Amino acid sequence: MKAKIIWGLSAVASCLPLIYIWNSNPKIEPKMATPSKELAIQETEIAKEEELPCVFMTLMGEQPSEGYAAVKTAEKFQETISKGELWLVEAQNTDGGWGAGSQSKQREKNPHAVSSDPATTAMSAMALYRCGYTMESGKNKETLEKAVLFLLSEIDKNTKSEFITSIRGTQIQGKLGQHIDAILTLQFFNQLLPTLKNEAMKVRVKNAIQVCVDKIEKSMDGSGKVGGSGWAGVLQSSFANSSLEMAAKNDGIKVDQVKIQKARDYQKSNYNPANASAKTDDGAGIMLYAVSSSVRGSAEEAKDADRIFKKAKEEGRIEKDAVLNETNLKRIGVSDEKAKSYDVADKVYKSAKLTAMNEDVLAGFGNNGGEEFLSFLQTGESMIVNQDDEWKKWYDNIGGRMMQIQNSDGSWSGHHCITSPSFCTATCLMILSVENDITKLQK
């Protein structure tokens, strides 16, 4: 125990002075929260936190998840999601947005005591959207409509800026990167656009998508990495990658395919399948962030490669027992450049996925921050994108674990780095309701 406490102190030290440990039961109150006592991380508190269930320790095998699938019964599962939805709806600010708070005041747990920001608003709206909410009809449609109008307003006010918002210094920007607002807003609007029936709103959202795409592309360097990286900037770049891939599937949206390929190459470059190692320079030194990003970044290409190869087998253009690799891809007519890219994507996806489930990856990492929840989300979505049947067992067990760590008021909160209950609750709801988006993710 003592050794783990010491390791835990060194792990959270990378986030100081912003890390703090709290009781994981944030309440929604209409008034400003009472200022907390001076920051003090004690060994006893670390030890207490160590005993809390850690989602990613489960994913990596440090804590067993077998048996937690039993918790994920239909009744209990729906109750968990419903409580989370209710908390998130009530956490919405009067301007239509949600906020994570400033990077300098991470101890604020009252969602109404912080200003709205686009990143947290987009994540919250995506969560409700994935849970079945729409702008057109149904329960709380006004909640989503207000969120969309908040995001559109921020974009309209900042057309000449490199960012979509003038709100700076947020917790999410500090941890993920300065362009995360445009990236998450783009991801939400990509999903929202096909569902809209109001033509005027559809035009506004479509224009906003193009604005976000343009700003993200301008922020990328020659390697495909998004600039202005935060503490775990590799996650910002990974979400940018998937958001641009999604945007390219929308009619009339101009996305630079070279930029998409560069973004994919950057994610693949962070993982070496030959020795199952990851570069963690842009991931706060945490292998989890780099590995989950590599899995997500390679999923779309790996899926395309597998589809092309299976079709070639069905058509008799290559042997039924042929292995997908660069040589065989060329044999079925894939260009040299594309064959190499597909081969790397396939190897990275398959190897990184296994590494992401290796208990050594997060040995001793004893508590959850929003970055862990985001990485968890990326790992699950990547398996669905790639039509990987292994996600089903993973999802049942992890879904059960997620239910076990929900706060009594229906929220989830981070215990280091991204601590915002609004952002963490939204991310956890997206994880639990991912089954609702299987068709969209595999499109």
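The values are calculated or read from the model by the stated rules, or taken from the named source; none is laboratory data. As the structure is a prediction and not an experimental result, all values here were calculated from the model. For neighbour counting, all protein chains shown are included, and Cβ atoms are generated from backbone atoms with ideal geometry for every residue, glycine included. The accessibility values were calculated without ligands, DNA or RNA, using every heavy atom of the protein model including side chains. Shrake-Rupley method; radii C 1.70, N 1.55, O 1.52, S 1.80 Å.
Once the Cβ-Cβ distance of Gln387 and Lys218 is raised to the sixth power relative to R0 = 35 Å, the FRET efficiency obtained is 0.60. Share of region 182-252's accessible area from carbon and sulfur, percent, 1.4 Å? Percent of accessible area from carbon and sulfur atoms in region 182-252: 53.
Computed extension gain for Ser153 through Val89, at 0.36 nm per residue and net of the alpha carbon distance, reaches 21.0 nm.
Based on the mean of other beta carbon atoms within 10 Å per residue, what is the order of 161-168, 321-328, most packed first?
Values: 161-168: 16.8, 321-328: 14.1.
Result, highest mean first: 161-168, 321-328.
Based on the Kirkwood radius over alpha-carbon pairs, what value in µm²/s does the Stokes-Einstein equation return for the translational diffusion coefficient of region 130-265 at 37 °C and 0.692 mPa s?
Approximately 216 µm²/s, per Stokes-Einstein.
Packing-based ranking of 115-126, 215-226 yields 115-126, 215-226, ordered from highest to lowest mean Cβ neighbour count within 10 Å. Packing, taken as the mean count of other beta carbons within 10 Å per residue, orders the peptides 85-95, 304-314 from highest to lowest as 85-95, 304-314.
List the equivalent ellipsoid semi-axes of region 108-184 in whole Å, largest first, each obtained as the square root of 5λ for an eigenvalue λ of the Cα gyration tensor. Don't jump to the answer; show the numbers that get you there.
Numbers: eigenvalues 100, 47, 24 Å².
Those come to 22, 15, 11 Å.
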